[in-house]
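See structure below.
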Amino acid sequence: MTDMGGGIPAPILDWLMEQCAGERGLAWAELEDDGVRVRRAGGAWDRYAGMDVRPGMEADGLHDALAGMLPFDEAWSLPMIELADGGHADLHGLVLDGRRWILWRDVSRGVEAARGMQQSANEGQLRQARRARVLDRYLGREVAGLIERGEVRLNAAGERREIVTLFADVRGFTAFNERRDAQEVMDSLNEYMVAMLEPVLDEGGVVDKIIGDGIMAVFGMSGNAGNVVAAATAGWRAARRILDGVAVVNARRAARGAETLGAGVGLAAGEAVLGLLGGRRRRAFTAIGRHVNLAARLEDAAGAGEALVAEDAWRAIEPRPHGLQPRMLDVRGIGPTRVYCWRAPSGALSGQ
Amino acid sequence: MIRKKVCLLGAFGVGKTSLVRRFVSGIFSDKYLSTMGVKIDRKTVDADGREVGLMIWDIHGEEAFRKIPMSYLRGASGLMMVVDGTRPETLDVAAGIVRRVDDELGLAAPRVWLANKRDLADDWALPADAWAKLAGDAPRFETSALSGEHVDEAFLALARAMLA
């Protein structure tokens with residue numbers, strides 16, 4: 001028995017060779033000194049080139065993978081080239097004892113074993129990205145990030161938070177809907193919706209829901225969670241920007257002769273339970289609390305171009321806004337309530 | 001006929017394989033099948049009256065623990081850099097690949113940039129400034145392998161750039 005330099009007996013080496021080469025569709029070619037033409041070749045070339053390879057043939061035409069690889073002075077390796085039959089092979093360019101060789105080795109079994117793992121890992125990441133996009137679209141980017149990081153939980157049990165709630169809706173929409181074609185109504189509504197939604201999202205608010213011609217949004221879920229001052233200030237900025245935005249929409253619509261509509265806003269602060277409402281088959285994220293009803297009632301009472309702010313929210317806004325008129329309002333289902341009214345300065349803000 | 005090797009590079013799941021299938025075979029499947037290694041396809045295009053035989057290397061996506069071997073790019077005449085317009089993070093992956101191509105190979109081959117999945121309009125989140133900066137002076141396209149939008153144009157632009 002011959003003992004090789006590394007101490008490995010020849011039969012073992014033969015067995016290893018058989019494992020590496022014999023069962024794995026080895027094909028080889030030694031190249032001429034020009035580094036392109038084949039000097040001699042052997043192995044399973046029909047598997048890779050679809051033909052027998054004979055001396056004198058130009059090797060770079062034997063397979064597309066060899067284009068641009070020849071000639072070479074340094075060894076290279078192209079792992080996992082997909083073959084015509086769907087299998088895979090590693091392709092090597094070797095420089096041994098001053099001679100250049102190319103070597104194919106079938107690695108189909110290993111690739112198939114790895115494919116399942118790679119597929120499920122990639123699918124998992126793509127699924128996660130899709131989920132993040134959906135959350136982003138429905139809850140806003142900032143909140144989606146908080147949910148992903150586990151800083152806000154979405155569960156049916158709910159979570160108590162001090163938040164600020166904003167309601168806004170388009171005034172005179174029902175009558176407009178009666179008079180106009182459905183497509184015109186849809187287009188118009190979208191125009192106003194963008195003007196109401198963008199300020200909420202820009203100010204870090206969460207659009208809780210879109211209700212027909214109105215929206216409900218909450219502030220204080222993200223960033224400065226639990227900080228009512230920050231939430232009220234952001235909500236107040238959003239309220240003003242909504243009325244400003246509606247004014248811009250109205251100016252645009254008036255310029256093209258389209259009917260204009262106003263918007264009213266209600267803003268209130270207080271404790272709420274945030275969570276998922278509904279059953280297993282259909283759930284939606286929402287905020288529940290007394291002040292939520294108050295905000296809805298204030299929005300209902302606000303005229304076109306008006307924002308009505310509940311006292312708790314008004315006191316939390318920093319800096320305290322000027323130009324708001326205090327008013328006692330008999331709020332339906334709640335009773336006499338002190339509110340602060342801000343009215344958009346331009347007549348264009350209120351629409352018709 | 002002039003033969004040119006073209007390599008598609010980008011993060012996993014950006015749609016490289018779908019773009020090649022759309023361009024070469026005119027078909028699209030929304031089933032995601034992760035590319036293992038590299039698959040080579042061919043298509044001949046007419047670039048201003050000159051026939052160009054493209055050898056298109058659809059290379060597996062770059063991942064944190066599975067970098068693209070730079071040996072794949074040896075002999076490449078053109079690079080098609082692909083990002084996913086709905087996943088802004090794929091711009092960073094593409095930027096990383098380009099850095100490695102420049103640092104390790106110094107490959108001066110022409111490039112075109114594709115922001116794919118344009119059909120997903122609601123999910124489109126391509127940051128315009130970063131996208132323009134990344135592509136630099138190279139031609140850039142917003143493509144959809146699903147609809148075929150701008151796919152042929154992108155390959156043709158690369159073919160023209162390789163002949164210039």
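Each reported figure results from applying straightforward, stated rules to the coordinates on display, with no laboratory input. Since the structure is predicted, the reported quantities are computational estimates derived from the model, not experimental observations. FYI the Cβ positions are ideal-geometry reconstructions off the backbone, even for glycines, and counts take in every protein chain you see.
For the pair residue A:178 and residue B:67, label points projected 7 Å from Cα toward Cβ lie 7.1 nm apart.
Taking every DSSP helix (H) stretch of at least 4 residues in the protein assembly as shown, weighting each as -39,500 (n - 2.57) and dividing the sum by the residue count yields a mean residue ellipticity at 222 nm of -10500 deg cm²/dmol.
If you count, for every residue in A:73-85, the Cβ atoms of partner chains within 10 Å of its Cβ, what is the mean? It would help to have the intermediate numbers written out before the result.
Details: counts 0, 0, 1, 5, 3, 7, 7, 9, 6, 8, 2, 1, 0.
Average neighbour count from other chains, rounded to a whole number: 4.
Give me the inter-chain shielding for B:62-71: mean count of other chain Cβ atoms within 10 Å, whole number please.
That average works out to 2.
Taking every pair of Cα atoms in the stretch A:154-348, average 1/r, invert it to obtain the Kirkwood radius, and report Rg/Rh to two decimals. Using only Cα positions, Rg/Rh for the stretch A:154-348 is 0.98.
Distance from the alpha carbon centroid of the stretch A:22-96 to that of the stretch B:95-164 works out to 32 angstrom. Using the Cβ-Cβ distance between residue A:85 and residue A:248 with R0 set to 45 Å, the FRET efficiency works out to roughly 0.10.
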